[in-house]
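Enquirer: Sending over a structure as structure tokens; questions will come in a sec.
The values are calculated or read from the model by the stated rules, or taken from the named source; none is laboratory data. Everything numeric here is computed off the predicted structure, so don't read it as measured data. Heads up, the Cβs are rebuilt from the backbone with ideal geometry, glycines too, and the neighbour counts pull from every protein chain shown. SASA here: full protein model, heavy atoms, side chains in, ligands and nucleic acids out. Shrake-Rupley method; radii C 1.70, N 1.55, O 1.52, S 1.80 Å.
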Amino acid sequence: MFEILEKERIGPGVNRAVISAPDIARAHLPGQFIILRTHKDGERIPLTVADKDAEKGTITLVWQEVGTTTYFMGTMCVGEKFEDMCGPLGKPTHLEKFGTVVGVGGGIGVAPLYPITKGMHDAGNHVISIIGARTEGLLIMTEEIKKVSDELIISTDDGSFGVHGFVTQVLQGLIDKGTKIDLVVAIGPVPMMKAVCNVTRKVNLPTVVSLNPIMVDGTGMCGACRVEVAGKTMFGCVDGPEFDGLQVDFDLLMKRLAMYKGPELIALNNFRETPRGCQCTFPGGA
Amino acid sequence: MSDQVSKPTKKPKIPRQKMPEQNPIERAHNFYEVALGYDNDLALLEASRCLQCKKPSCIKGCPVEVDIPDFVQLVKSGDLMGAAWKIKEKNSLPRIAGRVCPQESQCEAKCVVGAKGKNEPCAIGRLERYVADYAALHDDGKRPELPKSTGLRVGVVGSGPAGLTLSGALIKKGVAVTVFEALHELGGVLVYGIPEFRLPKAIVRAEVDELQKMGVEFKTNWVVGRIETVDDMLEKRKYDGVFIGSGAGAPLFLKIPGENLNGVYSANEFLTRANLMKAYLFPQADTPIAKGRRVVVFGGGNVAMDSARTALRLGAEEVTIVYRRTMDELPARTEEVHHAVEEGVKFQLLNSPTEIVGNDAGWAVGVNVQKMQLGEPDASGRRRPVAIPGETAHIECDTVIVAIGNAANPLVPTSTKKLETNKWGNIVADLETGKTSRDRIWAGGDIVTGAATVILAMGAGRKAALSMLDTFGIG
């Protein structure tokens, strides 16, 4: 179980792996996440599922190397196994025919956006996808997103591909053009989601965001993932991960995400000094 | 002279034998077990204090009704293996119960030796622990033969004390059992909640191994309610019965300003990081924890004591328990409070937190408290704390642990069709049988009672097992 069947590097420090997890693949719905541990003394980290194949019994994970666990995962090779994988967790995305749905994905957030885009498309929505990254090399999963979108607009901050600018500017452009939009789904770095909500709030456009707070158990037992939505404390793992973006306190989320910055650096340095896993790509080549 | 010789001298009273412990100054900085356990001499002395009552009342104080006088008699006669088996007839987890049971309010509260007033009761819990540890150390591999399989199959939600006890009771009657656990480790609160220094995890592991050897199947990383519902277990997996022992496990907060600041933990999170995730070994183990210099703990129960003592062991210079009543009303076990005091935990009593103060970076830097006094008794019989107008104080700190209890985790109850719950979200179940509003579904432990003790959960597991066997017609 939890064996890596395929693995590729799809960008600098960005990996995609297909993992054998038949029970999770069978039960998983768009928007849900898993929690994994790489090894016995590993931490539990949440990752949103980027794709699944219930028949083959596999799930696809996409991750960026930022901390000890994700770097370690970067060194894992086909044939290696994860110690633990628990899921699906969290509430699934509310899928129905809204009309026109705009999916906004930034950076690595495009991966979790993919199954939702697919779900929204299958539910009969007219789907417009806006995906962006800092630069062309960091764009991921554009082909997959294209297949399940009626329109696709790509932007890069440096103008190296597609529209020169931020995804928020593209979204603003759509709104200014008078495009009838019924729902926005935004997933990406917290500042991006916050910026998207600042755009949609002005025209009171319903906006769903998928939050990524720090978690431990992921089942509502510990409360590490506290977020504030409409002034109320919610647990990201069981009340989310998706929330009404117009009501989310993004500043609090950013502060809480920085809680272990110090220890994370210590752990990462420690990890680099005592390499684990398969050494062939260590650490984070590309 | 003759008088003195002829008059039979009264046998000197043997006092209750103290439990050897690690010295408080040393142990406040390590995670090794605090209580060291009796040796054979102490155990024999203590066992000799038992009066072997004809109508033993101690048994009535035990939620799983261990035959206490019988096992103590076996200790006296030197048959420690026999004593262990005697306990195991009723309690499949004696090494755990011997450590975490609140005996002082159960079996020992009913002990006749103590009831006479002048003397302290027989130390039943310490004897149980001694016997069970001895048996584990001198394991001869002999096990009672298991009966033939009945073909019946039961699914268990949660591998905490309720689920483990039930599994043990069922497998011994030839019922196949599969336990589904959400976390990666087996034992529930025994591994994520109760700290290593009170209950070494190796002991939990050994008890689980024992059940595994008997044939109980375990499935970790399996969140019932998400990956599969209880209804799926009955319909697709065709279990003859399902037992829900999913625990309390949704932490409560005070809902005061500042509770979402960095450095503020629920006791569940703090203890899970420290125990289950071994954050005290960081960075050898990957999970970090905020190692506070000055730590404030809200609450006065066992979990508050565990949190405070864990914070000390992680290196805190000062740990203060803030509680709104007095020492007399602390809900924690006397022994746990005593241990905390010995180790240097401070108590700021008759104080109720009103706000957690933070800095610009979003970290907690202090706690504002309101001074209280005790007024009239409330519904719980304890005197209600009342605010003294205008009397407030500030406590500087960098870490706050909120240990004020748990609500029911809604994941399993709400994903099970037509399962009756009460207004707090706890599953409604008969306390004598564990039967719920649904056929073939039993429940027990904290998910039914709200946060209680390990032994009550074990008692609920045992009762539900008996009820299942009865329903299956193989009681």
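Enquirer: When Cβ neighbours within 10 Å are restricted to other protein chains, what is their mean count per residue of peptide B:181-193?
Expert: 3
Enquirer: Okay, next question. Run the accessible area of the range A:1-156 with a 1.4 Å probe and give the carbon-and-sulfur part as a rounded percent.
Expert: 49 percent
Enquirer: Let me ask another. How far is it, in nm, from the label point at residue A:53 to the one at residue B:23 when both lie 7 Å from their Cα along the line to the Cβ?
Expert: 6.5 nm
Enquirer: Rounding to the nearest 20 debye, state how big the charge dipole of the range A:44-119 is about its Cα centre with +1 on each Lys and Arg Cβ and -1 on each Asp and Glu Cβ.
Expert: About 240 debye.
Enquirer: Using the Karplus equation 6.51 cos²θ - 1.76 cosθ + 1.60 (θ = phi - 60°), what ³J(HN,Hα) coupling, rounded to whole Hz, does each residue of the range A:44-53 give in order, writing x for Gly and Pro?
Expert: Values, residue by residue: 8, 10, x, 9, 6, 7, 8, 6, 8, 9 Hz.
Enquirer: Still on this structure, please answer the following. Quantify how strongly other chains surround peptide B:242-255 by giving the mean number of their Cβ atoms within 10 Å of each of its Cβ atoms.
Expert: The per-residue average across the peptide is 2.
Enquirer: In terms of solvent-accessible area of protein heavy atoms at a 1.4 angstrom probe, what is the ranking of A:56, B:417, highest value first?
Expert: From most accessible down to least: A:56, B:417.
Enquirer: While we're looking at this one, here's another question. What distance in nm separates the simple spin-label points at residue B:40 and residue B:13, each placed 7 Å from Cα in the Cβ direction?
Expert: 3.0 nm
Enquirer: On average, how many beta carbons from a partner chain sit within 10 Å of the beta carbon of a residue in B:282-294?
Expert: 6
Enquirer: For the range A:165-237, what log10 I(q)/I(0) values come out of the Debye formula at q = 0.12, 0.13 1/Å, with one point per alpha carbon and no solvent?
Expert: Ignoring solvent entirely, the Cα scatterers give -0.41, -0.47.
Enquirer: Measuring with a 1.4 Å probe in the full set of protein chains, what accessible area per residue, in whole Å², belongs to the range A:89-247?
Expert: 38 Å²
Enquirer: Name the residues of the range A:241-255 whose accessible area falls by at least 50 Å² when all protein chains are present instead of the chain alone, probe 1.4 Å?
Expert: A:255
Enquirer: Counting only protein chains, not ligands or nucleic acids, how are B:278, B:423, B:238 ordered by accessible area (probe 1.4 Å), most first?
Expert: Listed by decreasing accessible area, they come as B:423, B:238, B:278.
Enquirer: Now, a different point. In whole Hz and in residue order, list the ³J(HN,Hα) couplings for the range B:46-60 that follow from phi through the Karplus curve 6.51 cos²θ - 1.76 cosθ + 1.60, θ = phi - 60°; x for Gly and Pro.
Expert: 5, 4, 5, 7, 6, 8, 6, 3, 5, 10, x, 8, 4, 4, 5
Enquirer: Which one, B:442, A:195, B:63, projects farthest toward the positive side of the charge dipole computed for the protein assembly as shown from Cβ point charges (K/R +1, D/E -1)?
Expert: Result: B:63.
Enquirer: Using only Cα atoms, what Kirkwood radius does chain B have, in angstroms?
Expert: Kirkwood radius, chain B: 23.9 Å.
Enquirer: Now, a different point. Within the range B:88-188, how many Lys pairs that are eight or more residues apart, or on different chains, come under 25 Å at the alpha-carbon?
Expert: 15
Enquirer: State the extension gain, in nm to one decimal, for the chain segment bounded by residue A:40 and residue A:163, taking 0.36 nm per residue of separation less the distance between their alpha-carbons.
Expert: 39.8 nm
Enquirer: Straight-line reach from residue A:118: which lysines have Cα under 23 Å away, leaving out those fewer than 8 places along the same chain?
Expert: A:7, A:52, A:56, A:91, A:97, A:146, A:147, A:180
Enquirer: Ignoring ligands, DNA and RNA, how much accessible area is buried between chains B and A, both sides summed, with a 1.4 Å probe, to the nearest 100 Å²?
Expert: 3600 Å²
Enquirer: A further question on this structure: In what sequence, highest mean first, do B:406-416, B:450-460 appear when ranked by Cβ atoms within 10 angstrom?
Expert: In decreasing order of mean packing, B:406-416, B:450-460 become B:450-460, B:406-416.
Enquirer: Let me ask something else. For the range A:127-286, report the % of Cα-Cα distances exceeding 27 Å.
Expert: Everything past 27 Å amounts to 40 percent.
Enquirer: Quick one: give the max-minus-min coordinate of the C-alpha atoms of the range A:37-166 along each principal axis, largest first, in Å.
Expert: 45, 35, 23
Enquirer: Leaving out same-chain residues fewer than 8 places away, which aspartates and glutamates sit with a Cα under 16 Å from that of residue B:291?
Expert: List returned: A:264, B:269, B:306, B:317, B:318, B:396, B:398.
Enquirer: Something else about it: Kindly identify the range B:263-365 as rounded, prolate or oblate by the Cα gyration tensor criterion: order the square roots of the eigenvalues as a ≥ b ≥ c, call it rounded if a/c is under 1.5, otherwise compare a/b with b/c, prolate if a/b is larger, else oblate.
Expert: Oblate.
Enquirer: Right, something else. With springs connecting C-alpha atoms under 10 Å apart, model chain A as a Gaussian network and identify which of A:32, A:172, A:64 has the largest mean-square fluctuation.
Expert: Of A:32, A:172, A:64, the Gaussian network model singles out A:172 as fluctuating most.
Enquirer: Along the Cα→Cβ direction, 7 angstrom out, place labels at residue B:428 and residue B:378. What is the inter-label distance in nm?
Expert: Output for this residue pair reads 2.6 nm.
Enquirer: Something else: Rank A:274, A:70, A:200 by mean-square fluctuation in a GNM of chain A with C-alpha springs under 10 angstrom and give only the top-ranked residue.
Expert: A:274
Enquirer: Quick one: plug the Kirkwood hydrodynamic radius of chain A (C-alpha pairs) into Stokes-Einstein at 37 °C, 0.692 mPa s, and report D in µm²/s.
Expert: Translational D for this selection: 171 µm²/s.
Enquirer: If you don't mind, another one. So who's got an amide H within less than 5 Å of the one on residue B:407, skipping anything under 5 residues away but keeping other chains? H placed 1.01 Å off N, in plane.
Expert: For residue B:407, whose amide H was placed from the backbone, the distant partners under 5 Å are B:250, B:252.
Enquirer: Put simply, what bits of the range B:194-229 lose 40 Å² or more of accessible area when the other protein chains are there, versus the chain on its own (1.4 Å probe)?
Expert: B:221, B:223, B:226, B:227
Enquirer: Same structure again: Springs between alpha-carbon pairs under 10 angstrom, Gaussian network model over chain A: which of A:178, A:159, A:105 fluctuates most?
Expert: A:178
Enquirer: Shifting gears a bit: Hey, what number do you get for chain B at 222 nm if only DSSP H runs of n ≥ 4 count, each worth -39500 (n - 2.57), divided across all residues, to the nearest 500?
Expert: Helix-only estimate at 222 nm: -8500 deg cm²/dmol.
Enquirer: Take the alpha-carbon centre of the range A:106-133, take the same for the range A:202-268, and report the distance between them in whole Å.
Expert: A separation of 21 Å, based on Cα centres.
Enquirer: May I ask you to derive the FRET efficiency for residue A:179 and residue A:96 from their Cβ-Cβ distance with R0 = 25 Å, giving the value to the nearest 0.05?
Expert: 0.80
Enquirer: Taking the Cα centre of the protein assembly as shown as origin and charging only Cβ (+1 Lys, Arg; -1 Asp, Glu), how large is the dipole, in debye to the nearest 20?
Expert: For the protein assembly as shown, the charge dipole is close to 1980 debye.
Enquirer: Which far-off residues, 5 or more places away or on another chain, put their amide H under 5 Å from the one on residue B:357, with H placed in the peptide plane?
Expert: Result for residue B:357 returns B:365, B:366, B:367, B:368.
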